[in-house]
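Input: a single structure, listed below in structure tokens.
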Amino acid sequence: MKPQERTSRVRSALRSIQQLVFLIGLGIIVGIMLGPKAGVTLGVAGRTILQLVSKTVTRNWYPDRFERSGLLRYDPARAQPGYTLYTLAPDLSAHLIDMNGREVHSWFVPNDQISGVSGIRTLFGLLEPQVEGGYLYPDGDVILVYEVKALTQPATRLFKLDKDSHVLWKSNVNVHHAIEIAGDKIYALTSIPRTRLTERARRDRLPRDGESISILGSDGKVINSYSIINAIANATDFRIADFAKHSEPLDPLHSNSLDVLTEQTARFFPGAKPGNVLVSLRNLDLLTVMDLERDTVVWAMRGGWRRQHDAKVLPNGHILMFDNNGGVRTYSPSRILEIDPATGGIVWSYSGKPDDPLDSADNRGGAQRLANGNTLINEANAGRIIEVTPDGTVVWEYVNPLLSEERGKKIIASFGLTVTRYDASYLSFLGGHVAARGGSLNRAKEAPMIQRNGLPHPPSRGAVAAAGAHRR
């Protein structure tokens, strides 16, 4: 071995020892500070650290269970026509596809442009960012929610891009998980670490949690922010404070979706009014309605759902959500629920079938009720989107082609939190050149297909794996 090589290896070994000593020291400090809660906290911290060496630990990649990618099923007579917007969490990109699975547009922000939480919480910048959801405007502008993984709640600046992916603005507050557009205002879940607890919250010994709802203007600047933990403390008619005190120490609430109530939907919740916000608190298995002006919770409900995502109010007053872990079927831990907030009763549900399960682990998933009564389901961590009829028939199915490999097994990239079907008439930036039932722009990327038994089918996964894994 040459002296230079020997010196390089010694230096590398010393760096590894230094990192190990640092992590052990950090563990001891956390253990002393948190006492009985240290086990849970160190488990979370350990999983976060492992993200440096494993893609699947990032929860942006999952085992691939499909034989093909692209459009797998499509019944034009029963599916709701339009264009579907999805994000690929680890790829930092958003994609708009037509009903035949052909990409008609995409957006992308490079890693080096994304910044948010920093310091020890992100292991000094070693943890990778991801994209969660987005909102598409008719002119092709898009707002995207990016997150940087952290030891606590991940968050980063909110981005607004034009149709050519040029950054129009970044918000002046860290946003996580979800946004809701209401007129010219943007309602966002935000992380504000230095949030000041109210006297009641301090007296009840609630965790100093910075999760908030912020209202931003159309320029991305914050107008007002409202602490969720303070609202919980002020909700004396509910036992939510007790739930929060005994929840996960580093992430007691984990707010992951919000829906602004309107004149039509507020009347279904006693004590609520337009402008109040339905909030999903995943780590409490809880849905709440926050009155931002009064800084309190006016309605709350727990049910049979577990680790839920994407709760929203339908025009009929029912709540549609993705229930990640509440399914009792052996083949499907996940399910879509439509519940009546007056009773908590399940009005409609979908949990897949034994040979076609629904499973999105516990950190992503969503559903959209379409104009024809069908439901678009984002089985995010499986990398699949399906459209089902009220009787549970799958009439459209799409699997993303972005694959990688870990320890000799194929893994698939997770979709972000938001998948949305848009009507063709809404998307003026596409012009009149695209028909929602199958036309394509001259700039559209045709989905690769092969012929089997005279019918078009997506190619084998191996044919697209290399291209997908190295696209960026």
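Summary of values
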{"read-out": "Selected residue (only one of Asp295, Asp323 is touching a residue at least 12 places away in the same chain (Cβ under 8 Å), surrounded by 18 or more Cβ atoms within 10 Å (Cβ to Cβ) and assigned by TED's automatic domain parsing to the domain that holds Asn372)", "value": "Asp323"}
{"read-out": "Residue among Ala367, Ala342, Ala371 that alone is in contact with an Asp or Glu (Cβ under 8 Å, 6 or more places away or on another chain) and surrounded by fewer than 16 Cβ atoms within 10 Å (Cβ to Cβ)", "value": "Ala371"}
{"read-out": "Hey, Gly275 of a type outside the set (Ser, Thr, Tyr), under 29 Å from Glu379 (Cβ atoms) and in the same structural domain as Ser247 (by TED's automatic domain parsing) or not", "value": "no"}
{"read-out": "Scope region 189-242; condition among the small types (Gly, Ala, Ser), over 25 Å from the mean Cα position of the chain (by Cα) and under 18 Å from Trp299 (Cβ atoms); matching residues", "value": "Ala233, Ala235, Ala241"}
{"read-out": "In region 347-357, the residues that are more than 17 Å from Leu370 (Cα to Cα) and crowded, with 17+ Cβ neighbours inside 10 Å", "value": "Ser351, Gly352, Pro357"}
{"read-out": "Region 340-365, subset touching a residue at least 40 places away in the same chain (Cβ under 8 Å) and more than 20 Å from Ser69 (Cβ to Cβ), residue farthest from the chain's Cα centre (by Cα)", "value": "Ala342"}
{"read-out": "Filter result for the condition that a residue is in a strand (DSSP E or B) and small (Gly, Ala, Ser), over Ala367, Ala371", "value": "Ala367"}
{"read-out": "Region 180-192, subset in contact (Cβ under 8 Å) with a residue 40 or more places away in the chain and surrounded by fewer than 24 Cβ atoms within 10 Å (Cβ to Cβ), residue nearest to Lys312 (Cα to Cα)", "value": "Glu180"}
{"read-out": "Residue match in region 318-340 (condition: of a type in the set (Val, Ile, Thr), in contact with a strand residue (DSSP E or B) (Cβ under 9 Å, 6 or more places away or on another chain) and closer than 30 Å to Arg200 by Cβ)", "value": "yes"}
{"read-out": "Some residue of region 329-345 being touching a Lys or Arg at 6+ places or on another chain (Cβ under 7 Å) and in the same structural domain as Arg364 (by TED's automatic domain parsing)", "value": "no"}
{"read-out": "Condition met for Leu337 (without any contact (Cβ under 8 Å) to a residue 60 or more places away in the chain and either surrounded by fewer than 19 Cβ atoms within 10 Å (Cβ to Cβ) or not basic (Lys, Arg) (or both))", "value": "yes"}
{"read-out": "Residues of region 193-211 satisfying the condition of being of a type outside the set (Ser, Thr, Tyr) and either part of a loop (DSSP other than H, G, I, E, B) or not assigned by TED's automatic domain parsing to the domain that holds Val260 (or both)", "value": "Pro193, Arg194, Arg196, Leu197, Asp204, Arg205, Leu206, Pro207, Arg208, Asp209, Gly210"}
{"read-out": "Subset of region 373-425 [on the phi > 0 side of the Ramachandran plot and either among the small types (Gly, Ala, Ser) or in contact with a Pro (Cβ under 9 Å, 6 or more places away or on another chain) (or both)]", "value": "Gly373, Gly383, Gly392, Gly408"}
{"read-out": "Test: residue in region 110-118 that is out of contact with any Ser or Thr (no Cβ under 6 Å at 6 or more places or on another chain) and at pLDDT 90 or above", "value": "yes"}
{"read-out": "Residue within region 170-188 that is assigned by TED's automatic domain parsing to the domain that holds Met290, in contact with a Leu (Cβ under 9 Å, 6 or more places away or on another chain), farther than 16 Å from Ser255 by Cα and hydroxyl-bearing (Ser, Thr, Tyr) present", "value": "yes"}
{"read-out": "Given (1) at pLDDT below 60; (2) loosely packed, with under 14 Cβ neighbours inside 10 Å, index of the condition Leu126 fails", "value": "(1)"}
{"read-out": "Test for Trp305: is it closer than 20 Å to Val419 by Cβ and either polar (S, T, N, Q) or in contact with a strand residue (DSSP E or B) (Cβ under 8 Å, 6 or more places away or on another chain) (or both)", "value": "yes"}
{"read-out": "Check on Val167, in the same structural domain as Leu278 (by TED's automatic domain parsing), touching a Leu at 6+ places or on another chain (Cβ under 8 Å) and surrounded by fewer than 19 Cβ atoms within 10 Å (Cβ to Cβ)", "value": "yes"}
{"read-out": "Scan of region 329-364 for residues that are among the charged types (D, E, K, R) and in a strand (DSSP E or B), ordered by number", "value": "Arg335, Glu338, Lys353, Asp356"}
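The values are calculated or read from the model by the stated rules, or taken from the named source; none is laboratory data. None of these values were measured; they are calculated from a predicted model. In this analysis, Cβ positions are derived from the backbone assuming ideal geometry, glycine residues included, and neighbour counts consider all displayed protein chains.
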